[in-house]
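Here's the structure, in structure tokens; my notes come after.
The values are calculated or read from the model by the stated rules, or taken from the named source; none is laboratory data. Everything numeric here is computed off the predicted structure, so don't read it as measured data. Neighbour counts are summed over all protein chains in view; Cβ atoms, including those assigned to glycine, are modelled from backbone coordinates with ideal geometry.
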Amino acid sequence: MQRGILLDTGPLVAYFCPTDRFHAWAVSQFSTFTAPFITCEPVLAESCFLLARAGVPPQRILGKLSQGVFRIGLGVERESAALATLMQRYADLPMSLADACMVRLAETQPGPLCTLDGDFRIYRRHGRQPLDLIIPDTMSMGK
């Protein structure tokens, strides 16, 4: 079982949404992980929005948060300068706040980042180090 997983929006939504094309992949991956998963509030906000749009109760995520399945590993206010620097560096993509938070988490926390977003193959920790990703083999460079 893998510990210390950094969790992005895509796998979280795919896990809770049975109609998501990556649902089976997410369920399979999560069966090899040990909670708590480390994430950030922007990822939880995106996930709740996307689940609600797919007709899945977003409260399921909040329930798991209150059970300790997810841990908030980053304070946006405290990390705002570093997040702004990352978003400026990758402005050509452009980088979302949630993506910036996940890259910053990868800079400050050990563990691989579980994502469905191919942009994480472009992003670098500390500007030069590739991220350690758990991502489906079928993912292209784009989203």
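Quick one: would you say residue 42 is touching a residue at least 40 places away in the same chain (Cβ under 8 Å), crowded, with 19+ Cβ neighbours inside 10 Å and more than 25 Å from residue 138 (Cβ to Cβ)? Yes: the conditions hold for residue 42. Annotation for region 61-69: no member residue is crowded, with 19+ Cβ neighbours inside 10 Å and not in a helix (DSSP H, G or I).
Among the residues of region 1-52, those that are among the hydrophobic types (A, V, I, L, M, F, W, C) and not in a helix (DSSP H, G or I) comprise 1, 5, 6, 7, 17, 22, 33, 35, 37, 38, 40. The residue that is nearest to the chain's Cα centre (by Cα), among those in region 31-43 that are over 18 Å from residue 120 (Cβ atoms) and of a type outside the set (Ser, Thr, Tyr), is 41.
Which of the residues spanning region 56-74 are touching a Phe, Trp or Tyr at 6+ places or on another chain (Cβ under 8 Å) and closer than 16 Å to residue 105 by Cβ? 70, 71 - these are the residues of region 56-74 that are touching a Phe, Trp or Tyr at 6+ places or on another chain (Cβ under 8 Å) and closer than 16 Å to residue 105 by Cβ.
Comparison of 94, 110 shows that the only residue that is under 29 Å from residue 23 (Cα atoms), in contact with a Gly (Cβ under 8 Å, 6 or more places away or on another chain) and not in a helix (DSSP H, G or I) is 110. Beta carbons closer than 8 Å, at least 6 apart along the sequence or on distinct chains, pair a first residue in region 9-38 that is without any contact (Cβ under 8 Å) to a residue 24 or more places away in the chain and under 15 Å from residue 117 (Cβ atoms) with a second that is assigned to a loop (DSSP other than H, G, I, E, B) and not aromatic (Phe, Trp, Tyr) for 26/20.
Whether any residue in region 84-95 is under 15 Å from residue 15 (Cβ atoms), surrounded by 13 or more Cβ atoms within 10 Å (Cβ to Cβ) and touching a helix residue (DSSP H, G or I) at 6+ places or on another chain (Cβ under 8 Å) is what I want to check. No; the residues of region 84-95 include none that is under 15 Å from residue 15 (Cβ atoms), surrounded by 13 or more Cβ atoms within 10 Å (Cβ to Cβ) and touching a helix residue (DSSP H, G or I) at 6+ places or on another chain (Cβ under 8 Å). Among the residues of region 1-26, those that are at pLDDT 95 or above and among the aliphatic types (A, V, I, L, M) comprise 5, 6, 7, 12, 13, 14, 24, 26.
Of all residues in region 75-93, those that are within 13 Å of residue 105 (Cβ to Cβ) have Cβ atoms under 7 Å from Cβ atoms of residues that are assigned to a helix (DSSP H, G or I) and of a type in the set (A, V, I, L, M, F, W, C), 6 or more apart or on another chain, in 76/83; 76/101; 83/97; 83/100; 83/101; 86/100; 86/103.
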